[in-house]
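After the structure tokens below, expect a handful of questions from me.
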Amino acid sequence: MSQKIETATEHRLSHSQAHELKQWILAQALELGFAAAGVAPPDTSDQMKHLQAYLDKGHHGTMSFMEEHEALRADPTKLVESTRSVISVRMDYLVDAPPSRHSTDEFTGDTNFGIIARYARGRDYHKVMRGRLKQLAKRIEKKLTDTLGSEAAQDFAWRPFSDSAPIFEKTLAERAGLGWTGKHTLLIHPKAGSFFLLGELFTSLDLPIDTPEAERCGSCSACIDICPTGAIIAPYQLDARRCIAYLTIEHKGAIPHEFREAIGNRIFGCDDCQLVCPWNRFAGRATLSDFDPRHGLEAPKLLELWSLSNERFDEISQGSPLRRLGYSGFKRNVALAMGNAARSAAIAQALSHPVDDVTVDEQRRWSLKRQISKTA
Ligand code: B12
Ligand code: SF4
Ligand code: SF4
């Protein structure tokens, strides 16, 4: 089957046809709400040495999925056999201009509200991204039927991904010309910053490959210097166990004491290394309403979050990245932020009632103690 696909697509697309088809596909991607698209070769084997070093040092913490499917990570054609090229896409999620890292209450003043990372304030991007990638594939299928006949369309194999498979998404995007990997380990585009998400359409088409962007961090180290928990241990190297995104989203159980104060009022993910990055002066804006904040999640009051019932959390987190936390993880994070919040009798009062969940209750007691120490 895969042999048939390879032969068919290879022989049907001449150089100029492949070039024209690629330009057409990239235009369709923009029409579907992607901010950019490019084409990468299906080979990321050169990244395995970095992954191995990361795993050897235990930087992945409890994310055991990072240890799995080594062969697929190195060679995307093992994941989807007929893959000849990967269409990599970027989706911008920033709704408003981000505040300057040094001039806002978000970090220095009134912390009686919680911060949710910007990508997570609206609809879950996994669904948005994969839905649009499927539409892109359907359009390509129709185009192939119209230009090369139904057999070519039948031979067209594809699969969409976004944070849903063991692949190096940033490397693929880099190879597709969508940016360079910054020292904070995220992909940056010189004209669009880094507040975007990545997705891929693996295809059996032999499309022309793009040219990668030059690396432009230069001597800057702002992200490394600003990281509240010192998670960027060296340029391009992140110890996930120290990263607030890991601690608040992936880590189960009690948050290690050494990071509690530094987490501040961040209750889901962290944007600090991106907020400080000079390239985000050029950050793109979301074109899809899916990223519009829901339920006031752009600046939720901690006391309101703390009083949410399990049922209400279920409603609010429906179709949202927050779902991943579960009620217990959510309460743990809110309790922590309440402890770090500015002195408040109302918060101390709310924290004075024991809760059933062991992890949440331990966090509550720590936070109450911290609040009381501020009011004393
Ligand atoms: C695991 C994971 C996490 C983990 C660990 C992150 C990490 N850096 O490993 C945690 C939970 C911490 C996390 C956090 C975030 N994540 Co995340 N995450 C992933 C995931 C699933 C895998 C990343 C991975 O392969 N890590 C493995 C290690 C080995 O790779 P690495 O640290 O990136 O290092 C690479 C390079 O820096 C280089 N390298 C490593 N060492 C060295 C040494 C030298 C000397 C050199 C030169 C290079 C080098 O090689 C490595 C492999 O290419 C990807 C999706 C995917 N499948 O790709 C999303 C992904 C990277 N995450 C994403 C996002 C949005 C985030 C957050 C911004 C969310 C938030 N606001 O809270 C934060 C940002 C934190 C940060 N500074 O990176 C987006 C990034 C989009 C972009 N613009 O780049 C992705 C691509 C998901 C998506 N589909 O959009 N994430
Ligand atoms: S997301 Fe936050 S904690 Fe993680 S590396 Fe960036 S600044 Fe540090
Ligand atoms: S803050 Fe500076 S070093 Fe960090 S990613 Fe941006 S340009 Fe690169």
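First check a/c for the stretch 291-376, with a ≥ b ≥ c the square roots of the eigenvalues of its C-alpha gyration tensor; if it is under 1.5, answer rounded, and if not, answer prolate when a/b is larger than b/c or oblate otherwise.
Values: a/c = 2.47, a/b = 1.62, b/c = 1.52.
In terms of gyration-tensor shape, prolate.
Right, another one. Would you give the gap between the C-alpha center of the stretch 246-274 and the C-alpha center of the stretch 127-176, rounded to a whole Å?
One Cα centre to the other: 35 Å.
Once Lys and Arg get +1 and Asp and Glu get -1 on their Cβ, which of Leu325, Ala350, Leu32 lies farthest toward the positive end of the dipole of the chain?
After comparing all options, I get Ala350.
Stretch Tyr236-Glu141 to full length: gain in nm at 0.36 nm per residue minus the Cα-Cα span?
Between Tyr236 and Glu141, full extension yields an extra 30.4 nm.
Short version: ³J(HN,Hα) in whole Hz for each residue of the stretch 238-251, in order, from phi by Karplus 6.51 cos²θ - 1.76 cosθ + 1.60 (θ = phi - 60°), x for Gly and Pro, what are they?
For the stretch 238-251, the Karplus curve yields 10, 8, 4, 4, 9, 7, 5, 5, 5, 4, 8, 10, 8, 6 Hz.
Given C-alpha coordinates of the stretch 142-211, what is the ratio Rg to Rh with the Kirkwood estimate of Rh? Could you put the intermediate results ahead of the total?
Values: Rg = 15.2 Å, Rh = 14.0 Å.
A ratio of 1.08.
Counting other C-beta atoms within 10 Å, which of Lys143, Lys369 has the fewest, and how do the rest follow? Kindly include the intermediate steps, with their values, before the conclusion.
Numbers: Lys143 17, Lys369 12.
Exposure proxy ranking, most exposed first: Lys369, Lys143.
Average the reciprocal distances over every distinct pair of alpha-carbons in the chain, invert the result, and give the Kirkwood radius in Å.
For the chain, inverting the mean 1/r across all distinct Cα pairs yields 22.2 Å.
In the chain, what cysteines have no partner Cβ closer than 4.7 Å?
Cys217, Cys220, Cys227, Cys243, Cys270, Cys277
Using 0.36 nm times the number of residues separating Ala27 and Thr287, minus their current alpha carbon distance, what extension gain do you get? Could the numbers behind the result be given before it?
Working: separation 260, 0.36 × 260 = 93.60 nm, distance 1.53 nm.
Separation in residues times 0.36 nm, less the Cα-Cα distance, equals 92.1 nm.
Once phi is turned into ³J(HN,Hα) by the Karplus curve 6.51 cos²θ - 1.76 cosθ + 1.60 with θ = phi - 60°, what whole-Hz value does each residue of the stretch 293-301 show in order, with x for glycine and proline?
Whole-Hz 3J(HN,Hα) from phi for the stretch 293-301: x, 10, 6, x, 6, 6, 7, x, 6.
A follow-up question, please. Sort Val358, Val334, Val89, Val95 so the one with the fewest other Cβ atoms within 10 Å of its own Cβ comes first. Please report the intermediate quantities before stating the final value.
On the way: Val358 11, Val334 25, Val89 29, Val95 17.
By the 10 Å Cβ count, ascending, the order reads Val358, Val95, Val334, Val89.
Using Cα atoms only, what is the angle between the long axis of helix 358-375 and the major principal axis of the chain, expressed in degrees (0 to 90) to the nearest 10?
Approximately 60 degrees, to the nearest 10.
For the stretch 252-316, what number results from the quotient of the Cα radius of gyration and 2.2 N^0.38 Å?
That works out to 1.44 for the stretch 252-316.
Then there is this: Mind checking the angle between helix 326-340 and the chain's longest principal axis? C-alpha axes, 0 to 90 degrees, to the nearest 10.
Taking Cα atoms only, the helix is inclined about 50 degrees.
What is the order of Val128, Val355, fewest Cβ neighbours within 10 Å to most? The partial results should precede the final answer.
Working: Val128 21, Val355 15.
Placing the least packed residue first, the sequence is Val355, Val128.
For every helix of n ≥ 4 consecutive DSSP H residues, a contribution of -39,500 (n - 2.57) applies; sum these over the chain, divide by its total residues, and give [θ] at 222 nm rounded to the nearest 500 deg cm²/dmol. Present the calculation step by step, with values, prior to reporting the outcome.
Working: 16 runs with 150 residues, N = 376.
The helix contribution divided over the chain gives -11500 deg cm²/dmol.
Give me the percent relative contact order of the chain, please, defined on Cα pairs under 8 angstrom at least 6 residues apart. If you can, show how the numbers build up before the last one.
Values: 680 pairs, mean separation 83.5, N = 376.
Relative contact order here is 22 percent.
No value in this document is a laboratory result; all are computed from the given coordinates. What you are looking at is a predicted structure, and each value in this text was computed from that prediction instead of being measured. Backbone-built Cβ (ideal geometry, glycine too); neighbour counts: all protein chains shown.
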